[in-house]
Amino acid sequence: MTKHEEEEGGMKKYNLNVPYGDKKRTFVLMVADLIHHAYTKGYEMTFTDSRVKHRIGSLHHEGLAIDLNLYKNGVWLKDGTGHDELHEHWDTLGGARRITNDLNHYSVEHEGMR
């Protein structure tokens, strides 16, 4: 376990009650965990260019949110398929709850934003 992780009921969870810089570094570990989990479930992913399409001041610009495109057997799952399963894992890690119409969005809560 790293200094960013803790155990809760036998499950790995990330400590987000930390200073801003530590939270950004913890977020990177959480995304790595999520990507590894997705690949073990047979999915593949690509990053989106989040900083271009999101407003300044958003968690994307703060380094605390990412949009991930999901693929299965080389086919882009544009309809959100698979993201419910991945958000369940994200929830166990301590990530912010999902945004209904933005399923490929993964973030941590910061100053009331997700």
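Every number here is computed from the coordinates shown, using simple stated rules; none is lab data. Being a predicted model, the structure only gives us computed values, none of them experimental. Quick reminder, even Gly has a Cβ in these numbers, built from the backbone with ideal geometry, and neighbours come from all protein chains shown.
Couple of notes before you dig in:
- Count of lysine pairs in the stretch 5-107 with Cα separation under 17 Å (8 or more residues apart, or interchain): 4
- Cα shape, the stretch 5-107, gyration tensor, a/c 1.5 rule: oblate
- Highest average first, the peptides 95-102, 31-38 ordered by how many other beta carbon atoms sit within 10 Å of their residues are 31-38, 95-102.
- The peptide list 82-90, 39-47, 19-27, put in order of mean Cβ contacts within 10 Å with the highest first, becomes 82-90, 19-27, 39-47.
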